[in-house]
Amino acid sequence: MKTIASVVEHYIKTKPYLSTAMAQGIINLTSLARQIQPEIEETLQKPARNGAIVMALKRISDNLEFLSTHKIVKVLKGIGDITVRSNLVDFSFKISESLLSAQAQFLAETNNNNQIFYTSSRGVTESNIIVSSNLTGKIDQFFKEEHLIEKTEHLSSISIKLPTENVTIPGIYYFIFQRLSWEGINIFQVISTSNEFTILVDEDHVNQAFKAIKELKNL
């Protein structure tokens, strides 16, 4: 059976900016309770006293789980360099016994070129290789025997440097990706290391995505 406390908790969990403000103690809980009361009652399908909603909000705001949201914001404020690269192509190949060999030959050919972009990720059944568009011919040359699943052109990447404490605080990636989702930005690929990650987006959306990520530093 749904209770006021559980419904209010679910509502707040779907509003990351609201939970951040609650964790910082900058929201009047009585006013917030009046604002969300119609939605709470609709979910419960019965009346809910304003005082009960206020008490549920008070328990949530005191919960350490919501203090972690404040920690997320502190990490996001510490975002380092944001690097944008355009004119990229994403190749998706089926995993094969010869794929790594083809990749090694490709890297040996292009290793001394500092002006190009190259990154890759490997899954269970497929491997993605993302390169500058001027390397498309080289990919065609060295991977001609491989099974190409999909090729996507006109992409851009955004690489974000995160503070080292990001690995100890859950929810960092969720917070960023939710913000991009709100902006209607589709992410083609995500490639990450411990303190840095790169997203691949359509060239038409790269400026919008860059702006959304940069604004996270000003939360």
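Would you pick out the residues in region 10-54 that are modelled with pLDDT of 90 or more and among the β-branched types (Val, Ile, Thr)?
Within region 10-54, 30, 36, 40, 43, 53, 54 meet the criteria.
So that you can scan it fast, the table gives a plain yes or no per residue for (1) loosely packed, with under 14 Cβ neighbours inside 10 Å; (2) out of contact with any helix residue (DSSP H, G or I) (no Cβ under 8 Å at 6 or more places or on another chain); (3) touching a residue at least 12 places away in the same chain (Cβ under 8 Å):
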{"residue": "32", "(1), (2), (3)": "no, no, yes"}
{"residue": "35", "(1), (2), (3)": "yes, yes, no"}
{"residue": "38", "(1), (2), (3)": "yes, yes, no"}
{"residue": "70", "(1), (2), (3)": "no, no, yes"}
{"residue": "74", "(1), (2), (3)": "yes, yes, no"}
{"residue": "79", "(1), (2), (3)": "no, no, yes"}
{"residue": "90", "(1), (2), (3)": "no, yes, yes"}
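Give all pairs with beta carbons closer than 7 Å in which a residue from region 188-217 that is part of a helix (DSSP H, G or I) meets a residue that is among the basic types (Lys, Arg); count only pairs at least 6 apart in sequence or on separate chains.
If the second residue must be among the basic types (Lys, Arg), the pairs left are 212/179; 216/179; 217/77.
Check 160, 130, 185, 176 and return the single one that is under 21 Å from the mean Cα position of the chain (by Cα), in a strand (DSSP E or B) and over 14 Å from residue 91 (Cα atoms).
Unique residue meeting the criteria: 160.
Matching residues to (1) surrounded by 13 or more Cβ atoms within 10 Å (Cβ to Cβ); (2) within 24 Å of residue 135 (Cβ to Cβ):
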site	(1), (2)
157	yes, yes
174	no, no
192	yes, yes
198	yes, yes
201	yes, yes
208	yes, no
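Pick from 61, 101: which is closer than 30 Å to residue 216 by Cα, assigned to a helix (DSSP H, G or I) and either among the hydroxyl-bearing types (Ser, Thr, Tyr) or touching a strand residue (DSSP E or B) at 6+ places or on another chain (Cβ under 9 Å) (or both)?
61
Which residues, counting only those in region 1-37, are in a helix (DSSP H, G or I), more than 15 Å from residue 56 (Cα to Cα) and not aromatic (Phe, Trp, Tyr)?
First pass over region 1-37, keeping only residues in a helix (DSSP H, G or I): 4-13, 16-23, 29-37.
If we keep only those that are more than 15 Å from residue 56 (Cα to Cα) as well, we get 16-17, 20-21.
Within region 1-37, 16, 20, 21 qualify.
Please tell me if residue 160 is of a type in the set (Val, Ile, Thr) and at pLDDT 95 or above.
no
The values are calculated or read from the model by the stated rules, or taken from the named source; none is laboratory data. None of the values given here were measured: they were computed from a predicted structure. Neighbour counts run over all protein chains shown; Cβ positions are idealised from the backbone, glycine included.
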